[in-house]
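S.K.: One structure, as structure tokens, below. Some questions next.
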Amino acid sequence: MESLKTPSIKIGVKKRNSQESEDLPEDEAPSSDHVKEERADPAAPVNQEELDRFWKKFAEGKKASGKDSEHQVMCQPHKLLSDFTIQITLASSIQEDILNMFKTDLLTFLRAELNNQKLTIITEVDREISTRKPYTDKEKLAFLIEKKPELKDLVDRLGLDTG
């Protein structure tokens, strides 16, 4: 009984590439120098204006495809830091979770459009934006007293029940 060998993918790729090279005239055959010229600069300079333009383009694509929560995340403030890092300030950890769902697609898009493979995204959750809102009467009163301490004197003088 003969043993079956598993075909190698490398052999198929080599055959395909050699066939493509044979189909092209000698002066048009791809060379290794030609392939290097086509590749994007891994760290092309990027400025804030270019980033904003492509950021907006990606955000509009999210809105057009009906992904409103992802579009809302894309509308949050962002800035380009000096080391090819994009910092986006989010309002809550929920927005961070939403961003993480499409972060790879965003990075792939930006890296291709800006010709920079070193781009990264970091998030910052703004604690001021994400503070819990007061809901109960007691929480609302405590919040107001924190903002205006003279309210405590008024509550005490009027003998109001805050419990």
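S.K.: Quick one: which residue in Lys152, Lys103 is out of contact with any helix residue (DSSP H, G or I) (no Cβ under 7 Å at 6 or more places or on another chain) and part of a helix (DSSP H, G or I)?
M.R.: Matching residue, one of Lys152, Lys103: Lys103.
S.K.: Where the second residue is of a type in the set (Gly, Ala, Ser) and in a helix (DSSP H, G or I) and the first is buried (at least 16 other Cβ atoms within 10 Å of the Cβ) and lies in the stretch 94-118, which pairs have Cβ atoms under 7 Å and are six or more apart or on separate chains?
M.R.: Pairs found: Ile98/Ser69.
S.K.: Right, here's the next one. Starting from the stretch 138-163, keep only residues that are in contact (Cβ under 8 Å) with a residue 24 or more places away in the chain, then list their pairs with residues that are in a helix (DSSP H, G or I) and among the aliphatic types (A, V, I, L, M) whose Cβ atoms are within a distance under 8 Å, requiring at least 6 positions of separation or different chains.
M.R.: Correct list of pairs: Thr162/Leu141; Thr162/Val155.
S.K.: Scan Glu124, Glu146, Glu113, Glu139 and give me the residue that is part of a helix (DSSP H, G or I) and closer than 22 Å to Ser92 by Cα.
M.R.: Glu139 is the lone residue from the list that is part of a helix (DSSP H, G or I) and closer than 22 Å to Ser92 by Cα.
S.K.: Something else: For Val73, state whether it is in a loop (DSSP other than H, G, I, E, B) and under 18 Å from Ile122 (Cα atoms).
M.R.: Considered against the rule, which asks whether it is in a loop (DSSP other than H, G, I, E, B) and under 18 Å from Ile122 (Cα atoms), Val73 comes out as no.
S.K.: Show the residue pairs that are 6+ apart or on different chains and have beta-carbon atoms under 6 Å apart, the first residue being within the stretch 66-87 and of a type in the set (D, E, K, R), the second being assigned to a strand (DSSP E or B) and open to solvent by less than 50 Å² (accessible area, probe 1.4 Å).
M.R.: Lys79/Gln87
S.K.: Name the residue, out of Ala43, Ala59, Ala29, that is at pLDDT below 85, small (Gly, Ala, Ser) and touching a helix residue (DSSP H, G or I) at 6+ places or on another chain (Cβ under 8 Å).
M.R.: Criteria check complete, one pass: Ala29.
S.K.: Give the residue that is modelled with the lowest pLDDT, with candidates limited to residues of the stretch 81-100 that are part of a loop (DSSP other than H, G, I, E, B) and within 30 Å of Pro45 (Cβ to Cβ).
M.R.: Out of the qualifying residues, it is Asp83.
The values are calculated or read from the model by the stated rules, or taken from the named source; none is laboratory data. Given the structure is predicted, the values throughout are model-derived calculations rather than measurements. A quick note on method: Cβ atoms are made from the backbone with ideal geometry, for glycine too, and the neighbour counts reach across all protein chains shown. Ligands, DNA and RNA are excluded from the accessible area calculation, which covers all protein heavy atoms including side chains. Shrake-Rupley method; radii C 1.70, N 1.55, O 1.52, S 1.80 Å.
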